[in-house]
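The block underneath contains the structure these notes are about, expressed in structure tokens.
The values are calculated or read from the model by the stated rules, or taken from the named source; none is laboratory data. What you see is a predicted model, and the numbers here were worked out from it, not measured in a lab. Virtual Cβ from ideal backbone geometry, glycine too; neighbours counted across all protein chains shown. Quick note on the areas: whole protein, heavy atoms, side chains included, nothing else; ligands and nucleic acids left out. Shrake-Rupley method; radii C 1.70, N 1.55, O 1.52, S 1.80 Å.
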Amino acid sequence: MGKTEENDALTKNKPPTEKDILAELELKMKKYLRGESANLEVLKDKKLKGQLAVKEQLYGKSAQAAAKAEKWLMPSEGGYLEAEGLEKTWRIKQETIAHEVDISSSRKQYDIILPELGPYTLDFTSSGRYMAVGGRKGHLGIVDMINLSLIRELQVRETVRDVVFLHNELFFAAAQKKYPYIYNREGTELHCLKEHGPVLRLQFLKNHFLLATLNKFGQLRYQDVTMGSMVGNFRTGLGRTDVMQVNPFNGVVSLGHSGGTVTMWKPTSSAPLIKMLCHQGPVSALAFHSNGHLMATAGKDKKVKLWDLRKFEVLQTLPGHANTLDFSQKGLLACGNGSLIQVLRDVSGTQNYSRYMTHSMVKGYQVGKLIFRPYEDVLGIGHSTGWSSILIPGAGEPNFDSWVANPFETSKQRREKEIRALLDKLPPETIMLNPSKIGTVKPKREKPTKQEREAEVEAAVEAAKGMKLKKKTKGRNKPGKRVQKKQEALSRVKRPYLEQKIQEEENMSRKKQKTSEGVELPKSLQRFARKKASS
């Protein structure tokens with residue numbers, strides 16, 4: 001019996017053969033193929049047949065390359081909690097998860113208690129390697145999340161409302177009592193941005209190198225951190241607010257206001273791009289999905305709403321209140337209120353979110369900030385007595401692209417990345433609701449034909465004839481006056497069409513005159529040409 005068990009174990013641990021690898025690649029290829037290949041035998045045109053055959057060959061090669069990249073370059077696979085039978089995933093506690101995961105993952109679950117310096121706010125770098133913490137009582141620090149070591153901490157001895165990393169971990173900004181300050185990794189103060197005033201919220205647009213700030217007077221400012229110039233300075237006109245978030249897809253800054261409206265801004269426009277009524281009460285939190293098309297809002301009316309930003313309509317309304325919201329890289333939505341945290345998941349892939357996990361903090365801890373750590377199944381929690389970290393399976397992207405965000409980059413790679421990012425820096429004018437329009441050609445507007453124009457005039461005239469006139473007082477309702485009013489209405493309708501016709505005729509006559517001036521007459525007819533007036 002013992003020998004047979006050993007043989008079974010050996011066969012299970014046996015490395016895959018070439019045939020197994022090829023079979024696995026074929027299965028993965030089916031996922032990337034564009035359906036069934038076209039039946040080329042039916043075609044009679046040899047040229048078309050050859051072109052389609054080359055295209056089919058290219059599709060096959062691209063699918064094979066994608067399957068190989070998935071097999072060899074993306075070795076990690078994401079996974080979610082799976083319940084058995086009547087068990088619910090949201091009933092599974094953090095202690096149970098900590099017992100089941102490996103030692104390195106269990107180290108990512110911790111609580112840092114600093115009750116004298118809280119409440120705390122957090123921010124991660126794009127690679128998830130470093131975390132910046134800011135305590136309301138003036139405590140600032142940078143933590144290396146891989147080694148769990150403190151790089152630098154300092155006490156600024158005044159109120160800190162928000163912290164945010166700039167383009168990498170070497171610089172971070174802190175919104176302090178009077179002004180926002182920029183510090184380097186060593187804790188040295190580099191800049192004091194006095195023009196911004198007492199700032200409540202900070203956001204950094206990494207593709208544009210813009211620091212966006214919102215102060216307590218409701219002013220939104222954009223500062224270019226490369227040149228130091230002020231790019232935009234706008235009054236929102238909707239009062240004080242501390243709800244601010246950047247859409248990662250297009251760089252549009254969104255603000256939630258006390259009237260229940262959400263406004264969207266860009267640095268080149270003094271008026272909001274979009275102003276939408278989202279809640280019946282003040283907006284308490286905002287979050288954007290990484291694809292940029294899904295927005296989550298929470299209001300004091302005890303509702304959490306999911307919005308489709310392509311149509312600007314509600315996809316789903318969930319009951320509950322949230323002081324903070326955040327989307328993970330894989331689309332999980334974290335909601336925090338009081339000492340309770342809920343994580344919602346779109347199970348079916350149809351933007352229908354349901355409860356996935358819950359976590360209760362110690363009684364008395366008030367959750368202030370929730371933020372998912374990139375490329376890790378970790379949720380960072382800033383609360384009234386410090387900060388904590390819990391495990392959320394399936395939250396992070398399992399495979400990182402070292403060209404985009406590398407948690408293990410060296411100082412040389414960081415320098416090269418910084419130079420490359422500065423060369424690829426986008427101007428503020430590229431911030432718009434639909435950035436896919438950049439680079440497209442504006443379609444030529446076709447002029448309506450004579451028949452279409454006549455049909456429009458007839459339809460407008462018929463509509464004017466059918467218009468009912470109001471009954472006036474005695475003396476103002478005579479038949480003659482009624483006929484006169486109808487004629488005036490008809491002439492008013494026809495006027496724009498007649499003006500357009502006259503304008504076109506004048507343009508045509510000018511063109512003819514120019515062409516006649518440009519043509520050189522033969523010598524025998526030159527004496528009949530109109531002479532130009534002498535200046």
Got a sec? Charge dipole of region 20-73, +1 on Cβ for Lys and Arg, -1 for Asp and Glu; which of 69, 21, 39 is way out at the positive end? 39
Quick one: helix 46-68 against the long Cα principal axis of the chain, what's the angle to the nearest 10°, folded into 0 to 90? 30
Give me the percent of accessible area attributable to carbon and sulfur for the chain, probe 1.4 angstrom. 52
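Kindly provide the GluC sites (Glu not before Pro) of region 18-84 that DSSP labels as loop, not H, G, I, E or B, and whose Cβ sees at most 16 other Cβ atoms within 10 Å.
36, 77, 82, 84
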Remind me, relative contact order of the chain in percent, using alpha carbon pairs under 8 angstrom and six or more residues apart? 10
Heavy atoms of residue 127: accessible area, 1.4 Å probe, square angstrom to 10: 20
Could you work out the mean projected area of the convex hull around the alpha carbons of region 55-210, in square nanometres to one decimal? 15.4
Assuming R0 = 51 Å, can you tell me the calculated FRET efficiency for the pair residue 274 and residue 526, based on Cβ-Cβ distance, to the nearest 0.05? 0.20
Order the peptides 178-185, 203-210, 250-257, 358-365 from the highest to the lowest mean number of other Cβ atoms within 10 Å of their residues. 250-257, 203-210, 178-185, 358-365
Rounded to the nearest 500, what is the 222 nm mean residue ellipticity of the chain from helices alone, with -39500 (n - 2.57) per DSSP H run of 4+ residues and division by all residues? -8000 deg cm²/dmol
At a 1.4 Å probe radius, which order do 335, 192 fall into by accessible area, largest first? 192, 335
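In the structure displayed, which of 28/108; 93/305; 194/417; 305/363; 93/363 lie more than 23 Å apart, Cα to Cα? List each step's numbers first, then the result.
Numbers: 28/108 33 Å; 93/305 26 Å; 194/417 30 Å; 305/363 27 Å; 93/363 16 Å.
Distance filter (> 23 Å) returns 28/108; 93/305; 194/417; 305/363.
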Too long at a 18 Å Cα-Cα cut-off: which of 465/486; 303/330; 177/300; 266/300; 266/303? 303/330; 177/300; 266/300; 266/303
log10 I(q)/I(0), Debye, Cα-only region 20-73, no solvent, q = 0.16, 0.25 Å⁻¹? -0.54, -0.91
List the extent of the Cα atoms of the chain along each of their three principal axes, largest first, rounded to whole Å. 113, 72, 59
Under 25 Å from the Cα of residue 523, which lysines turn up, not counting those fewer than eight places away in the same chain? 511, 512, 514, 531, 532
